[in-house]
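To keep things clear, I will list the structure first and then write my remarks on it.
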Amino acid sequence: GVRIDLGAIAKGYAADKLSEILKKHKINSALINLGGNIYSLGTLPEGMPRSIGIQDPADPAKIIGSIEASNLAVITSGDYIRYFEQDGIRYHHILNPYTGAPASSGLKSVTIISDNPTLADALSTACFVIGCENSLPLLKEFGAEAVFVTDTTVYYTSGIAERFKHDNSFYEYKSV
């Protein structure tokens, strides 16, 4: 009666395989967008990295900032796309494996920046479940960077400080 759902890494894996196909055919510049899972292959024709926006969970029509990316995955997991509300409680699709209930780490979204799309997809889900502080050793272990969004604060890892552009006045921004 047990089933395994690979949804937490499927889009990242697909981006990884698509980039391999593009490289095999000598395509050195492309943007792969799989709905919240972005992979920037190479640079723009001018040699500049692409600017990838990160959605604002409070207003998905806006962004909380952008990341300059070249040969990087920028993958987000959050509670603001797939959810329903009942009796004033939001029930989203990212479950805590220990409780079986929607994760309640205090985060609204997590964006992972990594050269490995599959890893970034897995980390975005895991970090959303365990929260910002508990994610930092995991990110260090796998050489990934992250942007964590709560109701009022955006936390970002120091390794992306120069590439993370932000100006959404709704949030306070802090490096971790």
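What follows is calculated from the coordinates using simple rules that are stated; it is not laboratory data. As the structure is a computational prediction, the values presented were derived from the model and not from experiment. Glycine also receives a Cβ, built like all others from the backbone with ideal geometry; neighbour counts cover every protein chain displayed.
Under unit Cβ charges (Lys, Arg +1; Asp, Glu -1), what dipole magnitude, rounded to 20 debye, does segment 127-176 have relative to its Cα centre?
Values: 4 positive and 7 negative charges, 21 e Å.
My answer is approximately 100 debye.
Within the listed set ALA61, ALA161, ALA126, the Gaussian network model of the chain (springs between alpha-carbon atoms below 10 Å) gives the highest mean-square fluctuation for ALA61.
Helix-only estimate, please: 222 nm mean residue ellipticity of the chain, summing -39500 (n - 2.57) across DSSP H runs of length 4 or more and dividing by its residues, to the nearest 500.
When only DSSP H runs of four or more count, the value is -7000 deg cm²/dmol.
Comparing SER77, SER124, SER104 in a Gaussian network model of the chain, where Cα atoms under 10 Å apart are tied by springs, the biggest mean-square fluctuation is seen for SER104. Relative contact order for segment 1-133: 24 percent, from Cα pairs under 8 Å spaced at least 6 residues apart, divided by residue count.
Taking PHE128, PHE164, PHE84 as the candidate residues, the one with maximal mean-square fluctuation in a Gaussian network model of the chain, Cα springs under 10 Å, is PHE84.
Along the charge dipole of the chain, which of SER169, ILE94, GLY42 sits closest to the positive end, that is, farthest toward it, with unit charges on the beta carbon of Lys, Arg, Asp and Glu (+1, +1, -1, -1)? Checked the options; the winner is GLY42. On the basis of the beta-carbon distance and an R0 of 30 Å, SER158 and TYR98 show a calculated FRET efficiency of 0.50.
With +1 on each Lys and Arg Cβ and -1 on each Asp and Glu Cβ, how big is the dipole of the chain about its Cα centre, in debye rounded to the nearest 20? Please list the in-between numbers first.
Details: 15 positive and 19 negative charges, 111 e Å.
Rounded to the nearest 20 debye, it is 540 debye.
Electrostatic tally near PHE142: other residues with Cβ closer than 14 Å to its Cβ, Lys and Arg +1, Asp and Glu -1, net -3. Residues within the reach of a label modelled at ALA30 (point 7 angstrom out along Cα to beta-carbon, backbone nitrogen below 14 Å), restricted to segment 70-88, are 71-72. Projected label points at MET48 and LYS62, each 7 Å from Cα along the beta carbon direction, are separated by 2.5 nanometres.
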